[in-house]
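This report refers to the structure that appears directly beneath it.
The values are calculated or read from the model by the stated rules, or taken from the named source; none is laboratory data. Since the structure is predicted, the reported quantities are computational estimates derived from the model, not experimental observations. Here Cβ is always computed from backbone atoms with ideal geometry, including for glycine, and neighbour counts include all displayed protein chains.
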Amino acid sequence: MLQSIKRSVSGLVAQVNRLAAIGGNIANVQTAGHKRQAGTFSELLVQSLDQQSVPLTGVQGGFVHGAEYRPETVFSQGDLLPTGRALDIALVGNGMIELHDANEQVVFARGGSFSLDAAGRLVHSSGALVPGVVIDPRAQVIDIDVLGVVTFSVDGAVNEGGRLRVIGFMNPAGLDHLGELLFVPSANSGEPIPDSSVVKQGFLEASNVSLLEEMTSLVRAQRVYQANATALRTLDEMWERSTDLRR
Amino acid sequence: MVIAKTRQELMSGNVANLETPGFKRHNVTEEVFSQAMWSAQLAGQRRQLGATVTRTALSVPLTDHTQGQLVESHSPSHLALNGQGFFTISTTEGVRYTRAGDFRIDAAGHVVDAHGGRLLGSDGQPIATEGRQLQVMSDGAVLLDGNLAGQLLLADFPELSGLTRDVNGQFQADGLIVVASQATVHQFKLERSNVDIGEEIVDMLLTNRIFQSAQRIVATYDQLMERAKEIGSVR
């Protein structure tokens with residue numbers, strides 16, 4: 001009985017986690033560069049205390065499983081929004097732009113709104129810097145080509161300003177999300193690999209969240225939550241009846 | 001009462017996995033008790049058998065292998081099977097079979113399931129994408145960056161009832177005959193669990209009532225016994 005209750009609870013928790021992912025997606029439906037979280041459910045063995053000492057592989061008849069939600073980031077391409085701003089950068093492809101955060105850690109972003117600081121460094125909206133790019137703060141025209149090469153002109157003289165490093169991953173879905181549109185490699189993301197993404201200056205990448213899809217998912221989550229709650233209530237009633245036997 | 005409890009336990013597992021891709025619902029059938037005992041004896045268990053026919057017993061939990069609905073998905077590594085068959089997975093525990101097609105690419109570039117088991121090709125080797133674009137055709141052919149790179153190993157079993165579930169809900173086939181599957185593979189799709197929410201809820205209500213009735217019967221017996229004791233006592 002306890003085991004079934006745990007099973008129903010695992011179903012409830014899985015749906016709550018899914019709701020959290022949906023909530024985050026809906027909140028960021030207008031955030032440029034946001035990548036939606038989606039996940040799938042998998043079966044989870046719910047062991048009761050009294051079974052922990054029993055070797056599980058020897059049990060006949062099969063187990064009954066609870067469920068678990070495993071979210072992951074979906075790196076599908078978002079639409080490009082023209083902004084006309086010289087330091088708005090978007091990527092087309094699967095790559096990521098390498099950045100250094102305040103602690104000199106390597107982090108990655110899909111692009112975003114950049115600005116120039118007093119020292120002429122290119123700063124991401126999160127505060128992370130683009131390594132190897134220095135632009136004269138007096139520059140009138142800043143140009144970034146499709147490969148990420150930065151040129152700028154001061155009083156008509158064209159200068160090289162460095163290059164944005166665009167890197168890909170074996171499994172982008174395995175990158176850890178730091179918040180503020182930044183990602184860091186994890187054991188799941190694999191080694192950095194060369195990437196041929198196209199750098200688009202003057203564009204921002206729109207969020208890849210589809211509101212319609214999220215709302216459908218929300219309704220499903222709600223219904224499945226209710227079903228699990230019903231199962232839990234039924235178990236509770238049965239338990240109550242068993243204790244009534246002694247009256 | 002025990003039967004109603006077990007049914008309820010199985011159903012709670014089904015409901016928890018309403019949204020688990022490729023999940024196959026658990027089912028039990030009721031058998032007449034004397035028949036259940038008879039089969040226990042055949043299986044070589046030596047127990048004294050009662051021969052009442054009015055009681056019922058439960059079969060071992062069975063798996064309902066009916067096809068689940070296919071739904072669109074966002075990931076190229078999500079695969080679904082239409083028709084009878086299973087994906088073959090290599091895990092640390094040995095070969096497993098599953099219909100849960102929510103695969104992903106791991107750090108080494110292999111196609112893996114939710115528990116880290118590797119999807120096998122027909123040559124018995126894991127499918128390795130090495131960062132290339134994965135494409136899977138309906139006959140199970142695997143294309144990487146547009147070039148034919150292998151074939152999925154799809155298994156089927158003439159005796160589905162012989163499959164057992166392991167701790168991750170994947171199927172284990174000890175000593176069963178494996179045949180090639182005729183199922184078609186669909187990329188960018190997932191097979192929904194074959195649990196019907198309405199059916200499970202109705203079954204749960206019914207089970208709850210059966211449990212209640214059984215409880216009343218036990219309580220009535222208890223009262224009868226008490227009466228009998230009163231009659232028998234000398235005052």
Out of all the residues in region A:39-55, is one or more under 28 Å from the mean Cα position of the chain (by Cα), within 27 Å of A:F169 (Cβ to Cβ), away from chain B (no Cβ under 11 Å) and modelled with pLDDT under 90?
-> no
Does region A:152-171 include one or more residues that are closer than 25 Å to B:D113 by Cα, at pLDDT below 90 and touching a Lys or Arg at 6+ places or on another chain (Cβ under 8 Å)?
-> yes
Checked against (1) modelled with pLDDT under 90; (2) out of contact with any Ser or Thr (no Cβ under 6 Å at 6 or more places or on another chain); (3) within 30 Å of A:A206 (Cβ to Cβ), A:V9 satisfies every condition except (3)
Can you give me the number of residues within region A:163-187 that are facing another protein chain (nearest Cβ under 9 Å), surrounded by fewer than 22 Cβ atoms within 10 Å (Cβ to Cβ) and in a strand (DSSP E or B)?
-> 1
Note on region B:115-146: residues touching a residue at least 40 places away in the same chain (Cβ under 8 Å) and facing chain A (nearest Cβ under 10 Å) are B:H115, B:Q133
Among residues belonging to region B:71-86 that are more than 14 Å from chain A (Cβ to nearest Cβ) and at negative phi, point out the one that is nearest to the chain's Cα centre (by Cα).
-> B:F86
Tally time: how many residues in region B:72-101 are closer than 29 Å to A:E213 by Cα, modelled with pLDDT under 90 and out of contact with any Phe, Trp or Tyr (no Cβ under 8 Å at 6 or more places or on another chain)?
-> 0
The correct count of residues that are in contact with a helix residue (DSSP H, G or I) (Cβ under 6 Å, 6 or more places away or on another chain) and within 8 Å of chain B (Cβ to nearest Cβ) in region A:189-220 is 1
Could you please find all residues in region A:188-209 being loosely packed, with under 15 Cβ neighbours inside 10 Å and at pLDDT below 90?
-> A:E191, A:I193, A:P194, A:S196
Going through region A:223-247 in order, the residues found to be facing another protein chain (nearest Cβ under 7 Å), free of Cβ contacts under 8 Å to residues at least 24 places away in the same chain and of a type in the set (V, I, T) are A:T230, A:T234
Report, by residue number, each residue of region B:20-35 that is out of contact with any Gly (no Cβ under 9 Å at 6 or more places or on another chain) and modelled with pLDDT of 80 or more.
-> B:N27
Could you please find all residues in region A:82-123 being part of a loop (DSSP other than H, G, I, E, B), more than 14 Å from chain B (Cβ to nearest Cβ) and surrounded by 19 or more Cβ atoms within 10 Å (Cβ to Cβ)?
-> A:R110
All positions within region A:124-159 that are under 24 Å from the mean Cα position of the chain (by Cα) and in a strand (DSSP E or B) = A:H124, A:L129, A:V130, A:P131
Of all residues in region B:89-112 being without any contact (Cβ under 8 Å) to a residue 40 or more places away in the chain and in a loop (DSSP other than H, G, I, E, B), which is surrounded by the most Cβ atoms within 10 Å (Cβ to Cβ)?
-> B:F103
List every residue pair whose Cβ atoms sit under 6 Å apart, with the two residues 6 or more apart in sequence or on different chains, where the first one lies in region A:69-81 and is within 13 Å of chain B (Cβ to nearest Cβ) and hydroxyl-bearing (S, T, Y) and the second, anywhere, is buried (at least 17 other Cβ atoms within 10 Å of the Cβ) and assigned to a loop (DSSP other than H, G, I, E, B).
-> A:T73/A:K35; A:S76/A:N208
With B:S181, B:S138 as the choices, which residue is within 18 Å of B:Q67 (Cβ to Cβ), polar (S, T, N, Q) and crowded, with 16+ Cβ neighbours inside 10 Å?
-> B:S181
Does B:F157 satisfy the criteria of being facing chain A (nearest Cβ under 9 Å), among the aromatic types (F, W, Y) and surrounded by 16 or more Cβ atoms within 10 Å (Cβ to Cβ)?
-> no
Being assigned to a strand (DSSP E or B), within 25 Å of B:D106 (Cα to Cα) and without any contact (Cβ under 8 Å) to a residue 24 or more places away in the chain narrows B:A155, B:A149 down to just B:A149
